[in-house]
Every structure is written in structure tokens, then in C-alpha cells.
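Beneath this line is the structure, given in C-alpha cells, with notes to follow.
The values are calculated or read from the model by the stated rules, or taken from the named source; none is laboratory data. Just so it is clear, the model here is predicted, and its values are computed rather than measured. Counting neighbours? That spans all protein chains shown, and the Cβs are built from the backbone with ideal geometry, glycine included. With ligands, DNA and RNA removed, areas are computed over all heavy atoms of the protein, side chains included. Shrake-Rupley method; radii C 1.70, N 1.55, O 1.52, S 1.80 Å.
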Amino acid sequence: VRLVFGLAACLVLWTACRTGDPRSSHSAIPPRLGPKLYLRGGAEHDELNARADRLVSMALANGQAYEILEDLCTTAPHRLAGSPGAERAVEWGYDTMRRLGLRNVRREAVMVPRWVRGDIEKLSLVGTAEEFKITALGGSIGTPAAGLAGEVVMVRSFEQLKQLGDKARGKIVFFNRLMNPALLNTFAAYGGAVDQRSRGPIHAARAGGIAAIVRSMTTLINDYPHTGATRYEAGLPKVPAVAISTKGAERLAALLQEGTVSLNLQLSCRTLPDVASANVVGEIVGMKPNEIVLIGGHLDAWDIGQGAHDDGAGIAHCLEAMRLIQVSGLCPKRTIRCVLYMNEENGVRGARAYVQRHKQDLERGTHYAAIESDRGGFRPRGFDSSARDERLAELQRVVEPLRSYHMGAMIKGRHGGVDISFLRPYCRLLFGLVPSSQRYFDFHHSDLDRMEAVNERELALGAAALAYLASVLADE
Ligand SMILES: [Zn+2]
């Protein structure tokens, strides 16, 4: 009997959610239960446990996260901002949101940079036929057509480069600092090494260098170079910059042990004028349409591999979470807004444009909470949160129902992710979905970041965890 009533109630809720005015549909249904109620225990406690169970079982048994990701990776495998692939991804995002029955689906315009890799990427040992596997860093200038040649100087830090004084002048600077393998959190290891990639060319230029070669950001030793954004500084010369595979980096370091090494570098990448693109936005409209729980990831990805983990997985998490919330019969009180951000990888223009466009709403405090997924599609562990102390402890209890699935962690974090970090002045509750990080940098920004690297069930669990937290925050 309970089962029949339960199913009937689900059907009523589902129908209510699907029909017109959310206000009228809510008048007939009991109030939804949020964490504050949850803290009181009893029936509310049971409701949240049941909600988590339902979302997880639906995601595992009948989930669509993997199909959504496959669809994106097939439609727009290469979708660096400003490219034709990125425009296909925008259209895909718009169509997919409509297909999933989201409301107020729209593209919000944003101008993005347009960097083009070109066909030529070659690093060779002068006087031999030996070549290294490299990839230009996003934003890099190209070299003269014949390439540029120079002696190599290797450093592990900017400090070491500074101490070389004039010895780097006219040379190719090779930044060979490892990601610290002793750290459990590979994002922390990445954080300790990635300044070589983002600022290497600046330091190389300051030292009088003519090019920058950066060890790829991974703890694996293989022959796949990892790209990523780099920067220049006004007033300093721009020098070409590439990432070398870790195997290549080891080889280069070994050659330097033996004596002087000269390399020739040829790159045909270049920057074109900015072009128009868009963030894609869709909603589940709540009873309080002016209070928003935002979930998001970034639609753009690097132009090698398919961006399956970075951040196709985040996009699939968000879209599948929106679908799960709808079909599970939940009618969140607050509006849940899904934002597929453009240009996280090389400019963050989408995140800036979102804040600019919604400034008035943001200043009125309409954004109650935001959750970002941009750490891959691996086995979820839980979330990190900008909340502190008592609020964090409360949130830890909110995700307790996820604990039996080993994804109920709620740890102290900073801002959830790069895109939603721009909401920080206006929104106090920022969360990041935290999957296991052990394998992320095996794939990140490389040709290996493909569909095959994503596990269907792990991806589905991430979507369920996201759907759970978003729906509970929307009801709080
Ligand atoms: Zn990303």
C-alpha cells in the first residue's frame, strides 16, 4: 500500500512540476524538506535519506550522464572558445537543455578570445633527427617559419632562473619542476607546479630567454604533452611557449647532464581577433523564482583530446542533475539554474560576463548558493564548501545521506571552482563537487582526455550527488 501511495505521490509531483505555473502546482503538494528541517530528525531525516537513495538508484539504473557526455564529445570534440567546435557546443547545450525540458533556456552572449594552434609544432635536437613530443601552450605566439634555435638552460624554479643572472640570455628556458608526487590531493600538486606553465614565458622573457619549454603537468611519465593557458606581461617581449611530454622532459634533462643541448622550435599558432560566443543557461523554476541555486561547469575545452573529463564531465553532471531532479518528482522551492560557462580555459570571459549581466540580481542577493563541477568525472567523494564553522558543520549533516555511498564528505574549501569564484562577493555558499583526484592529471589537457577515460557509473554517481545537494539547498 505504501508503495502504491508513494508511486502515486511521485506521479502527482512529477505532473505538477511539468505543468505551467509553479505556484499553482505547489499549492496542492506538501512543503519540501530542507536541511534545517533535516536537523530536527524524524520524518524529515527519512525524506532526505529517501531522496538520496532515489537519486542514486535512478542515476545508476536509468541515468543519461554518459550518453550526454558521449553526445557532446561526438558533436564537438574540440571546443576551445572562439572555435567552430565551441559554437557547435553552444548549440548542442541549448538543444540539450530544451530536450530535457528546462525552462528559460537561453544563450547569454559573451566575446571570447580566439587562439588557433595551427599545423606546425616541432621541437628537434639540432644536428640530429631526434624530435620531442610537444604541444603549444594556449595563447602562445608562433615562431618564425624556419623556427628558432638556441641553447637550452634548465631550471626547477623561478628563483633558480633569477640566480642564473645573464646566463639565460638568448637561450631557451626549460622549466622542469615536478608535480609533487607525495601529495594525496593532486590538485595541490598541480597548484605547486602550474605557475611554470601560466607564467613561464614571462619569467623566461625577463631573463632574456627566447622561448619557454615547460614540463607537462602530470605525475605520469609518458609521451603525451599537456597543454593549458599561458600569459604574457605588458612591457616584456613575448616568447613562444610549449609543454613537453614528461618522457621528453626526462630525456632532455638527461641530455643536459651530458653537456650542451641546442634545440630548434617551430610553431605556427597565433591569436586572431575576439569572436562572439555564449554561456548557455536553463532552469527548473521554483516557487521562489527569484532565489537561485546555480549549478555549472564549463562548455569549452582544449583543442586536443575531447575534453571528456575537463569539463565534459562537469557539463554532463549538471545536465543530468537537472534531469534527475525533474524526473524524481522533486519540486525545489528555489529556482535551480544550470549555467554552461564559455571560455574557462583561456580567459574566463563567460564567468565575468555572467556577473556583469546579472549584476543587479546578484547585488540584491538572489543567488543563494552555487555548485561547480570541474574536477573530472571520477568517483565522487563529496563536496568542498566556502562555508565556515557552524554552517559547515550543518552542511556536513546535510550530506549525511550520501555517506552510505561514500560521497558524503563536506570539506572546507575556498570557492568551489574558477567560474563560480566570480560570484563570491554576492553569494556566500559556494561548493565544488570533489571526485577522487588520483587519475585526473593522467588525462587533463592532453590527447588522452577522451570518452574512453570516463567510467559510466562513476560519472552517474557525480550527477546524483550534485542533484542531491542542489535540490536540498533549493529547499532549505
Ligand atoms: Zn576545467
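Assorted remarks:
- Which listed residue is within 16 Å of the ligand (Cβ to nearest atom) and in contact (Cβ under 8 Å) with a residue 12 or more places away in the chain, from Tyr341, Tyr368: Tyr341
- Restricting Leu392, Leu466 to those that are open to solvent by less than 50 Å² (accessible area, probe 1.4 Å) and either at pLDDT below 95 or over 26 Å from Glu345 (Cα atoms) (or both) reduces the list to Leu392.
- Taking region 331-449 as the region of interest, the strands (runs of 3 or more DSSP E) fully inside it that hold 2 or more residues being among the hydroxyl-bearing types (Ser, Thr, Tyr) are 334-341.
- Residues being open to solvent by 60 Å² or more (accessible area, probe 1.4 Å) and outside any loop (DSSP other than H, G, I, E, B) - total across region 61-97: 11
Let's see how each residue does on (1) at pLDDT below 95; (2) open to solvent by 80 Å² or more (accessible area, probe 1.4 Å); (3) farther than 30 Å from Asn264 by Cα:
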{"site": "Val56", "(1), (2), (3)": "no, no, yes"}
{"site": "Glu108", "(1), (2), (3)": "no, no, yes"}
{"site": "Glu131", "(1), (2), (3)": "no, yes, no"}
{"site": "Ala136", "(1), (2), (3)": "no, no, no"}
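- Output for region 353-389, where each listed residue is open to solvent by less than 20 Å² (accessible area, probe 1.4 Å) and of a type in the set (D, E, K, R): Glu372, Asp384
- Ser262 open to solvent by 10 Å² or more (accessible area, probe 1.4 Å), among the hydroxyl-bearing types (Ser, Thr, Tyr) and more than 16 Å from the ligand (Cβ to nearest atom): yes
- Screening the candidates Val348, Val434, Val418 for the property of being among the β-branched types (Val, Ile, Thr), open to solvent by 50 Å² or more (accessible area, probe 1.4 Å) and within 16 Å of the ligand (Cβ to nearest atom) yields one hit, Val418.
- Arg414 vs. criteria within 25 Å of Leu362 (Cβ to Cβ) and modelled with pLDDT under 95: yes
- Residues of region 286-319 that are within 11 Å of the ligand (Cβ to nearest atom) and part of a helix (DSSP H, G or I): His309, Asp310, Asp311, Gly312, Ala313, Gly314, Ile315.
- Subset tally (residues that are open to solvent by less than 10 Å² (accessible area, probe 1.4 Å) and either within 16 Å of the ligand (Cβ to nearest atom) or farther than 15 Å from Ala465 by Cα (or both)) for region 320-335: 4
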